[in-house]
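What follows is a single structure, written as structure tokens, with notes after it.
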Amino acid sequence: MIHDWDTHFWLARLLKDTWISAEEYSSNDPKFKEANLVRIEPISTLSVQATLEAEIPDGYTMFLRTDRIMAITIGAGEPINNAPDIIYVMALERGEWAEPGKVPLSSIPMKNGFRAELRIFKDGHGEVDFTSTNNFISEVENMNGLDTYRFKQVV
Amino acid sequence: MGVDIWRYYGNGPSKVNISGGAEPIGLKLKTYDANNIATYTWDAEHPTPRPAVGNKNTYFATLALESDVLGSEIYSDIKFYSGGVPSVPDPNPSGYVAWTGVQLFVADDVDDVYAQALGTPDDNGTEMVAQGVTSSKTDLLATYNAGNMKSVGLVGGVASIGPLIAAQRISKYVRVQGSLGPTCAPGSTVPAVIYMRYSVTS
């Protein structure tokens, strides 16, 4: 599902080079478990121009989450709000889960995989954060103003 | 409408959306709680007096996340935290006062049982541990931030919830309460910010 507040959406490549996306599917759909590559891409040229991309090695599970952060004020006036509004989360972990879309990420310790976040701030800028076990790396490439972050397994 | 932070008040409880719309209501803490807008509206009614000794409390406020997105979303990992103790801006045209002598507490216990805040209107709210809605409490602004978020949990204690078939509360109740000591300054404290964060399966 793509919300009216979304700035990015996911695409997943299945076997036989067919693609599904958040336009028609949830990542909890059984079809998503067939994915071998996932991308989180900007919806438009007005979105933060960053793409996250990761292959899904055999034996690993990909979790996609969108975290929303709502701020409320205590006191009259405008508070200084430096927090992101939206965080697109791509998490990869070795193992199998029956319904990965129904598992809280907080319940999955990072033992063999990575966590990547694309943070979207109210002022329109973005930041990417990547943490992993030592068998994954992050690379970034800039082309025509679009930063593509690729998360790869190293052997 | 989507997912928003709601405040619950009165004996029903009544409820109001405090995070949605073009101009969100935000969180006004008073020494009052009844089934009317005077409980939460932004005005100078029902203030908390500065004590000569000891502390005076606001009535505690009860908050939770609700969603009316049906048939699609799965929610998990609801968190609650703050932006920290705000500094007095320089310049300070609005004349804000520092949070000296003022604390904002969050109940350590979260649950699914609503309890109306008690106290003496226009004087002192019953401290929330004393009222029995939590066994202990924590200084919210000094403790919980983006690096140390408080886990709130989902209604019913489930690991995830959804897709929903009807609009409903999705988080447990969180309670916050202001406390004033003799050193607090009269006036409006610098605006602070608190956050609720949730994950939705993309």
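The values are calculated or read from the model by the stated rules, or taken from the named source; none is laboratory data. It should be emphasised that the depicted structure is a prediction, and the values quoted were computed from it without experimental measurement. As a convention, Cβ positions derive from the backbone with ideal geometry for all residues, glycine included, and neighbour counts pool all protein chains shown. Accessible surface areas use protein heavy atoms only, side chains included; no ligands, DNA or RNA. Shrake-Rupley method; radii C 1.70, N 1.55, O 1.52, S 1.80 Å.
If I ignore ligands, DNA and RNA and count only protein heavy atoms, how much of B:Trp6 is accessible to a 1.4 Å probe, in Å² to the nearest 10?
40
Enter the Cα centre distance for the pair region B:111-168 and region B:63-80, rounded to the nearest angstrom.
16
Which ³J(HN,Hα) values, rounded to whole Hz and listed in residue order, are derived for region B:4-19 from phi using the Karplus coefficients 6.51, -1.76 and 1.60 in 6.51 cos²θ - 1.76 cosθ + 1.60 with θ = phi - 60°, glycine and proline given as x?
Once rounded to whole Hz, the list reads 9, 8, 10, 10, 10, 8, x, 9, x, x, 7, 8, 9, 7, 10, 10.
Sorted by accessible area (1.4 Å probe), largest first, how do A:Lys31, B:Lys79 line up?
A:Lys31, B:Lys79
Note every residue of region B:69-84 with a reduction of at least 40 square angstrom in accessible area, all protein chains present versus the isolated chain, computed with a 1.4 Å probe, or write none.
Buried by 40 Å² or more upon assembly, which counts only protein chains, are B:Glu73, B:Ile74, B:Asp77.
Once ligands and nucleic acids are excluded and a 1.4 Å probe is used, how much of A:Glu99 is accessible, expressed in Å² to the nearest 10?
Solvent-accessible area, nearest 10 Å²: 90 Å².
Starting from the residue with the highest accessible area, list A:Lys33, B:Lys150 in decreasing order, probe 1.4 Å.
Descending accessible area places them as A:Lys33, B:Lys150.
Classify chain B as rounded, prolate or oblate from the Cα gyration tensor: take a ≥ b ≥ c as the square roots of its eigenvalues, call it rounded if a/c is under 1.5, otherwise prolate when a/b beats b/c and oblate if not. Walk me through the numbers on the way to the answer.
Values: a/c = 1.76, a/b = 1.55, b/c = 1.14.
The shape class here is prolate.
If you average the sequence gap of Cα pairs under 8 Å that are 6 or more apart and divide by the length of region A:34-155, what percent do you get for the contact order?
It comes to 26 percent, rounded to a whole number.
Would you give the gap between the C-alpha center of region A:1-72 and the C-alpha center of region B:1-47, rounded to a whole Å?
Taking the Cα centre of each part, region A:1-72 and region B:1-47 sit 36 Å apart.
Compute the Cα gyration tensor for region A:84-155, then decide on rounded, prolate or oblate, letting a ≥ b ≥ c be the square roots of its eigenvalues: rounded whenever a/c is under 1.5, prolate when a/b is larger than b/c in the other cases, and oblate in all that remain.
oblate
Sort out the exposed loop GluC sites (Glu not before Pro) in chain A (DSSP loop, at most 16 other Cβ within 10 Å) and tell me the longest stretch that has none.
After excluding every exposed loop site, the longest remaining stretch is A:25-95.
Per residue, how many Å² of accessible area does chain A show with a 1.4 Å probe?
On the way: 7890 Å² over 155 residues.
So chain A comes to 51 Å² accessible per residue, rounded to a whole number.
Calculate, in whole percent, how much of the Cα-Cα pair population of region B:49-106 lies beyond 13 Å.
The answer is 78 percent, as a whole percent.
Go through region A:130-147 residue by residue and turn each phi into a ³J(HN,Hα) via Karplus (6.51, -1.76, 1.60, θ = phi - 60°); whole Hz please, and just put x for glycine and proline.
9, 10, 7, 6, 6, 9, 10, 10, 10, 10, 10, 10, 10, 9, 6, x, 9, 8
Name the residues of region A:40-70, by number, that are at least 30 Å² less accessible with every protein chain in place than in the isolated chain; the surface is that of heavy atoms, probe 1.4 Å, without ligands or nucleic acids.
Residues of region A:40-70 that lose at least 30 Å² of accessible area once the other chains are added: A:Arg65, A:Thr66, A:Asp67, A:Arg68, A:Ile69, A:Met70.
Over all alpha-carbon pairs in chain A, figure out the percentage whose distance exceeds 28 Å.
On the way: 2437 of 11935 pairs.
Value for chain A (Cα pairs over 28 Å): 20 percent.
Express in Å², to the nearest 10, the accessible area of A:Phe136 obtained by rolling a 1.4 Å probe over the protein heavy atoms while all chains stay in place.
10
Counting only protein heavy atoms and rolling a 1.4 Å probe, how much accessible area do A and B lose on contact, total for both sides, in Å² to 100?
Counting protein atoms only, the buried area is about 2900 Å².
Roll a 1.4 Å probe over the protein chains and send me the accessible area per residue for region B:134-173 in Å². Walk me through the numbers before you get to the answer.
Numbers: 1760 Å² over 40 residues.
Accessible surface, normalised per residue, equals 44 Å².
Restricting to Cα pairs below 8 Å that are 6+ residues apart, what does the relative contact order work out to for chain B? Please round to a whole percent.
Computed value for chain B: 33 percent relative contact order.
Quick check: from the Cα gyration tensor, does region B:76-158 come out rounded (a/c under 1.5), prolate or oblate? Please list the in-between numbers first.
Working: a/c = 2.67, a/b = 1.32, b/c = 2.02.
Oblate, because a/c is 1.5 or more while a/b does not exceed b/c.
For region B:4-31, state which residues have at least 50 Å² less accessible area in the presence of all protein chains than in their chain by itself, taking the probe as 1.4 Å and leaving out ligands, DNA and RNA.
The answer is none; no residue qualifies.
Can you work out ³J(HN,Hα) from phi for every residue in region B:164-176, in order, using Karplus 6.51 cos²θ - 1.76 cosθ + 1.60 and θ = phi - 60°, giving whole Hz and x for Gly and Pro?
Listing the rounded values in order: 7, 9, 7, 4, 6, 5, 10, 10, 6, 6, 10, 10, 10 Hz.
Could you do me a favour and compute the accessible area per residue for region B:30-110, 1.4 Å probe, result in Å²?
42
First compute the accessible area of region A:19-105 with a 1.4 Å probe, then give the percent of it belonging to carbon and sulfur atoms.
Taking all protein chains in place, region A:19-105 shows 46 percent carbon and sulfur surface.
Of the listed pairs A:Lys102/B:Lys15; A:Lys111/A:Lys152; A:Lys122/B:Lys30; A:Lys102/B:Lys79; B:Lys79/B:Lys172; A:Lys16/A:Lys102, which have alpha-carbon separations greater than 19 Å here?
With Cα atoms farther than 19 Å apart: A:Lys102/B:Lys15; A:Lys122/B:Lys30; A:Lys16/A:Lys102.
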